[in-house]
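Reading through the structure tokens given below for one structure.
We did not get these values from a lab; they are worked out from the coordinates using the rules stated. Everything numeric here is computed off the predicted structure, so don't read it as measured data. Using ideal geometry, Cβ is built from the backbone for each residue, glycine included, and neighbour counts are taken over all protein chains shown.
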Amino acid sequence: MNLTFENKCVLITGAGRGIGRELAKAFVKCKAKTVFGLSRTNTHLQKLVLEQPAIVPVYADLADWDLTRYALECLGPIDILVNNAAESTTEPFLDIKPENFDRMFNVNVKSLINVSQVVIKGMITRNEGGSIVNISSQASKLALWNHTLYGATKAAVDSITKAMALEVGQHNIRVNAVNPTVVMTDMGRKVWSDPQKNQPLLDRIPLHKFAAVSFLNIFDVIHISEVEDVVNAVLFLSSDKAKMINGVTLSVDGGFLAC
């Protein structure tokens, strides 16, 4: 299936690293008119633009509601939004700290609402429709040890996705979510690289593997060579090939939730 995004302007949050970084490059490869990569870390944005100069960097700390709205309103029309930015803190339920609760819900949930409001209002004004994909997680659908906060934020993302789809569908705006299993980005490696922790999870996945991200270690530099499992799902849901898919939470988990 040949996907193209000609004449489409795309905004990806959390584009500095991991899934967001690879998504930004993938949309450029699929001929998007403009790809905005948003991150709160300038060094990550600079490296991304060096690798793919066609990407337009956008600096904003999503935890700051007003600064984020100002930055987005300066961008102009957005046809496709991928809400990818997220924080992850793992701690036992009894050790949850209020500052971690506030930080994770601010970034994973509150900022998603903020960014989506700005983008959707622009889509409605232009009356040209659009597509939004929220990056959720399998942690929204079942309990994982030490993932109370992360799972709760992603469950909220799933619920918000469906509510958004219901309310803005009349404007020809589709809203969907992708729920990956463990993706070995920097964040995924930090949490799941311990075999004692990841083996029980792997044992439950019929394909017996996590979402594909390949790493090549040379002189202590990590190069991501593919994030196909999640990226391809997002590209499809963002495209006109999925024009009748709206309000779904698509598991990309190798069959984990089927067991």
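Here the gap between GLN117 and MET1, fully extended at 0.36 nm per residue and compared with their Cα-Cα distance, gives a gain of 38.6 nm.
Fewest neighbouring Cβ atoms within 10 Å first, the residues ASP79, ASP64 line up as ASP64, ASP79.
Simple spin-label estimate for ASN127 and ALA155 gives 4.2 nm between the two label positions (7 Å along the Cα-to-Cβ direction from each Cα). If you take the beta carbon distance between ALA143 and ASP61 as r and set R0 to 35 Å, what does 1/(1 + (r/R0)^6) give as a FRET efficiency, to the nearest 0.05? According to the calculation, E is roughly 0.70. Residues HIS171, HIS147, ranked from the fewest to the most other C-beta atoms within 10 Å, line up as HIS171, HIS147. With neighbours defined as other Cβ atoms within 10 Å of a residue's Cβ, the residues THR249, THR153, THR125 order from fewest to most as THR125, THR249, THR153.
If you plug the beta carbon distance of GLN46 and LYS243 into 1/(1 + (r/R0)^6) with R0 = 41 Å, you get a FRET efficiency near 0.70. Evaluated at q = 0.11, 0.23, 0.24, 0.26 Å⁻¹, a Debye calculation over the C-alpha positions of region 69-150 (equal weights, vacuum) places log10 I(q)/I(0) at -0.39, -1.06, -1.11, -1.24.
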